[in-house]
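The structure under discussion appears below in the form of structure tokens.
Derivation of every value follows stated rules applied to the coordinates shown; laboratory data play no part. Just so it is clear, the model here is predicted, and its values are computed rather than measured. Glycine gets a Cβ as well: all are built from the backbone with ideal geometry, and neighbour counts include every protein chain shown.
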Amino acid sequence: MKKKKYYALVDCNNFYVSCERVFNPKLKDKPVLILSNNDGCVVARSDEVKKLGIPMGVPFFQVKQLCLQHKVIVFSSNFALYGDMSWRVMQILKEMSERLEIYSIDEAFLEFNDVADPEQLLEMAHAIKATIAQWIGLPVSIGLAATKTLAKVANRIAKHSSTGIFALFGEEVRLCALKNLPLSQIWGIGARWEKQLNQKGLYTAWDLAQLDPYYIKKQFGVVLGRIIYELNGVPVLSSNLVAARKSILSSRSFGQPVTEFRDLLEAASCYAQQACTKLRRQGSVARAVQIFLKIKPSDPKSRHYYDKQSLIYSLPEPTADSRTIIKIIRHCLEKVYQPDTIYKKVGVLLLDLSSAQHGQASWLALEPPKAKQVMHVMDEINQRMGANTLFIASQGTCQRWKGRKNHCSPSYTSRWDALLEVG
């Protein structure tokens with residue numbers, strides 16, 4: 001039998017809600033929703049909440065009465081918990097696959113090469129699902145197929161199956177799945193493309209798969225052409241084709257108005273550290289940094305409730321060192337800060353990103369010789385021991401500016417004082 005490559009997409013079901021349920025079993029089968037930073041909008045919903053018709057992204061105040069009426073249990077986002085639970089899942093997947101590509105906080109592709117009998121992958125999928133359930137307590141769905149795009153299709157079907165696992169093997173199974181899949185549910189097809197394809201009489205994944213990829217590339221671009229190849233079982237989306245981000249933004253509104261420079265610097269330092277962590281994770285460096293501030297204008301009749309200030313600083317040498325970026329941010333803040341001004345939001349944007357491996361060093365180097373090693377150790381410790389186990393001093397410890405989290409659960413897995421007590 002000819003050996004082939006196959007992919008599995010492992011997706012944690014209702015991830016944020018499931019993380020809360022692991023440490024509070026009473027939440028099982030109860031309506032649960034998770035709010036965004038500052039408890040502003042709905043960012044995650046249990047199946048019970050979805051049935052109530054509460055949409056994703058809706059401001060909480062618009063559905064608060066409905067939640068009270070149906071006894072919906074509300075939580076603030078606990079990213080320390082969710083991030084640690086995600087890390088634990090990914091560690092299991094690394095041990096059980098030849099190659100792992102983390103796609104998001106709750107999704108990952110597994111790659112299996114030289115597979116002679118694809119049915120053996122079903123046994124492995126059941127083992128993965130059982131191991132995550134036993135060791136972590138999270139439910140997952142697993143889709144198996146010959147390409148990443150088809151694995152996404154298989155995973156969507158798996159979510160509605162009794163086992164939570166679906167293998168899209170065989171031509172008849174593939175065609176049946178594509179004929180029942182609307183264009184809007186294909187990985188990579190947005191609303192604009194869907195509308196344009198509908199105008200050409202195309203409505204399902206099967207309709208799209210019948211087209212000539214070369215013709216589609218000329219009409220819509222190379223990405224849609226690749227999707228057609230993938231729908232037909234030809235893998236063309238490798239890890240190398242996943243582009244790194246060109247810029248990285250970290251920003252939040254304050255939980256309460258800020259007027260003091262110290263609070264402003266603390267918040268900006270925290271967001272800079274978050275952005276730099278993401279920058280290092282994707283193996284990039286930044287050549288410029290922008291800091292922007294939203295303030296309440298002094299004129300109460302102002303048309304825009306918030307004014308915006310920003311400053312861009314070009315770096316002499318590309319860097320991913322949090323300490324260097326934070327020094328620059330402090331310098332920028334000192335230039336634009338105005339006493340007795342009410343600040344509502346601060347953001348840090350890393351710009352002009354490039355690969356850390358191919359960056360050209362400058363003799364005017366800002367970083368100490370062992371800067372990369374220091375940042376690597378810091379990231380390793382924070383990943384293993386919990387976010388902000390190590391932090392830059394300017395991030396502060398009080399952080400009075402932090403957003404509202406009136407419904408936050410404990411960080412069960414990343415703080416000693418939040419360990420679950422039994423008995």
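Modelled this way, with points 7 Å down the Cα-to-C-beta line, the labels at TYR313 and LYS327 are 1.0 nm from one another. Listed options for P(r) over Cα pairs in 20 Å bins from 0, in percent are (i) 21, 51, 26, 1; (ii) 26, 56, 18, 0; (iii) 21, 36, 25, 15, 3. The value calculated from this structure is the one marked (i).
Given their separation in residues at 0.36 nm each and the Cα-Cα distance between them, ASN388 and VAL236 gain 50.9 nm when the chain is fully extended. Arranged from fewest to most other beta-carbon atoms within 10 Å of their beta carbon, MET124, MET375, MET56 become MET56, MET124, MET375. Just so you know, the averaged projected area of the alpha carbon convex hull for the stretch 129-232 sits at 7.2 nm². Ranking of TRP193, TRP416, TRP401 by neighbouring Cβ atoms within 10 Å, starting from the fewest: TRP416, TRP193, TRP401.
Kirkwood Rh over Cα pairs of the stretch 65-159 into Stokes-Einstein at 10 °C, 1.306 mPa s: D in µm²/s?
105
Taking 0.36 nm per residue of sequence separation and removing the Cα-Cα distance, the VAL173/ILE92 pair yields an extension gain of 26.2 nm. Sorted from greatest to least, the principal axis extents spanned by the alpha carbons of the stretch 45-112 come out as 49, 23, 17 Å. If you average the C-alpha positions of the stretch 192-242 and of the stretch 84-155 separately, how far apart do those two centres end up, in angstrom? One Cα centre to the other: 25 Å. Among LYS148, LYS335, LYS2, LYS50, sorting on how many other beta-carbon atoms sit within 10 Å of each Cβ, with the fewest leading, yields LYS2, LYS335, LYS50, LYS148.
How much mean residue ellipticity at 222 nm does the chain get from its helices, if each DSSP H run of length 4 or more adds -39500 (n - 2.57) and you divide by all residues, to the nearest 500 deg cm²/dmol?
So the helix-based figure for the chain works out to -11500 deg cm²/dmol.
Return the FRET efficiency for the residue pair GLN69, GLN256: r is the Cβ-Cβ distance, R0 is 30 Å, and the value is rounded to the nearest 0.05.
0.50
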